Each structure stands twice: as C-alpha cells, then as structure tokens.
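Note sheet for the following structure.
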Amino acid sequence: MLELDRLAVQAGGRRLLSDLSLRVRGGEILAVLGPNGRGKTSLLKTLLGLRAPAAGAVRLQGHAAYVPQRTDALFAYDVLAMVTMGRARHLRWYASPGPRDREIARDCLRAVGLESLAGRPFQALSGGQQQLVCIARAMASASSIIVLDEPGAALDLRNQDIILSLLRRLAREQGLAVVFSTHQPQHAQHIAGQTLLMHDDACEVGPTDRMCTDERLSRLYRMPVRVASLSGEAGEVRGVIPLFR
C-alpha cells in the first residue's frame, strides 16, 4: 500500500503541490495527469523516496519498483540480463544472481510475452519492447508497488494497449499497487480506479469517472476537451476528444 499524508512537493524553489492526501491499496491503480512541466516526475520520485518531501509524509508498505520514461543501458546487456537486474535487492553485497534469480527473470519475460527475446541485445529492441522489458524487471524485484513514469509515451496504439492490459493484470491478479503518469486521459479511464489531476494552481484526486470530465480536463489542459462513450467488444468504452483549433 502507498499512502500520502498532507504531502507537499517542491522543485527549483517552486511549490508543485501542497496538502495532498491519498491512499493506493494493493490491487488498485492511480493515474497521474497534468500538462508538461507540471511536476509529475518530481511527484513520482518523491513517492519513491528519491526526493525529500517539502512537507507531509509518504508511507510505503512494502518495496516500490520504478519504471522510468527512458532506460539507457550503459553496456551491451541482453534482455535477460536487464530483467535479472531486478533481483538485485534480494542479493547479498557483491553476490551474483543465481539460477533461481534467472528463472524468476525468465518467468517475468514470459509474463510480458518476450521470453523469445531473452538473448537479444536490449538496445536492439523497439521502444515498446524496451518498455515491456523494464516492466518485467520491475516484476522481477517482487515489489508490492510499481511506479511508472509515462509508460505509454511514444508508443503506438497496440503497444499502449499491451502495456495498459499488463498493468491492469498486475493489479488484479498479483495484487500490486500501481501508480503511473500519462498525457493520455483515456489511459486513466481504461484502467485506473482513481486519478490525480495536477492543475496549474492546484491538485485534485478522486474516482476516475469524476475526475475525467469535460470541465475538469478542459481546465487541466487549458483547451476544450470532450469525453465520449462508445460501444466496444467488452462493453462501453470511454475516450477523450481534444477540440483542436
């Protein structure tokens, strides 16, 4: 579980948010929406303990794994090695991963559908495949919380769908608490039970269907936005239409 108690976050002398309280239990998903430069990444790093809060508290029950927007491997690691790095927190100082660690890494690759690429160089993969490998690495850490910074950024629609489906499965089937930021409100509508809106002058959080409305999203992005519903194979699907000028 992840709990924020009257949290305040500051960066570069600017107060990004104040007095934010919320709770994400195991099996729940929180989406974070906001315009560019609003401080979404700073908030996520504060949740992870990588930045100190300006006020308030962050409480984690369990370990949190982080999937950044971009991962640049400094060395020519193959895919299996990248995922096996997720086992580092379970190893003694200077110990090397053992057969069990590599088995867990392979299981995680299988879960994201990339076991056949285990021996491929990480840098040779597509952006969508690299993102799935990074999620598999987070899974290999056996953390109870996973925090992702724009996991669908720069991905085509199919890869976005694959990653959203995977995150929903991690919450439903493995009971993980999932927090992710995104520029796509429909990502929040599709999988998140609650959504945090980081407006220019304030933040608000609540059930996604209450947060993702015409009025709130138009205020968030400072342009007209309309929420629409369509019938899909799995029932009603909600989406967002920006009214570009």
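Readers should treat all values here as calculations from the given coordinates under stated rules, not as data from a laboratory. Just so we're clear, the structure is a prediction, and the values are computed from it rather than from any experiment. As a convention, Cβ positions derive from the backbone with ideal geometry for all residues, glycine included, and neighbour counts pool all protein chains shown.
For chymotrypsin sites (Phe, Trp or Tyr not before Pro), the sites in the stretch 175-245 that DSSP calls loop and that have at most 15 other Cβ atoms within 10 Å are F244. Placing +1 on the Cβ of every Lys and Arg and -1 on the Cβ of every Asp and Glu, with no other charges, gives the chain a dipole of roughly 460 debye about its Cα centre. The alpha-carbon atoms of the stretch 27-171 define a convex hull whose volume equals 138 cubic angstrom per residue. Each listed q (0.08, 0.11, 0.12, 0.17 Å⁻¹) maps to a log10 I(q)/I(0) for the chain from the Debye sum over equal C-alpha point scatterers, namely -0.32, -0.60, -0.71, -1.32.
For the stretch 174-227, which trypsin sites (Lys or Arg not before Pro) are both in a DSSP coil and crowded by at most 14 other Cβ atoms within 10 Å?
Details: sites: R210, R216, R219, R222, R226; in loops: R222.
Sites meeting the loop and neighbour criteria: R222.
Rounded, prolate or oblate, given the Cα gyration tensor of the stretch 1-43, with a/c below 1.5 counting as rounded?
Numbers: a/c = 3.04, a/b = 1.58, b/c = 1.93.
Verdict is oblate for the stretch 1-43.
Between the stretch 162-219 and the stretch 4-35, what is the separation of their alpha carbon centroids in Å? That distance is 13 Å. Close amide H contacts of A11 (hydrogens built in the peptide plane, cut-off under 5 Å, sequence separation of 5 or more or a different chain): L16. The packing ranking of peptides 50-60, 162-172, highest mean first, is 162-172, 50-60, where packing means the average number of other beta carbon atoms within 10 angstrom of each residue.
What shape does the stretch 104-245 take by its C-alpha gyration tensor, where a ≥ b ≥ c are the square roots of the eigenvalues and a/c under 1.5 counts as rounded, a/b above b/c as prolate, and the rest as oblate? List each step's numbers first, then the result.
On the way: a/c = 2.03, a/b = 1.86, b/c = 1.09.
Verdict is prolate for the stretch 104-245.
Would you compute, from DSSP H runs of 4+ residues alone, the mean residue ellipticity of the chain at 222 nm, taking -39500 (n - 2.57) per run and dividing by the full residue count, rounded to the nearest 500? It comes out at -9500 deg cm²/dmol, rounded to the nearest 500.
Of the residues R14, R92, R120, the one with the fewest other Cβ atoms within 10 Å heads the list, and the complete ranking is R92, R14, R120. The angle between the Cα long axis of helix 157-174 and the longest principal axis of the Cα atoms of the chain comes to about 80 degrees, rounded to the nearest 10.
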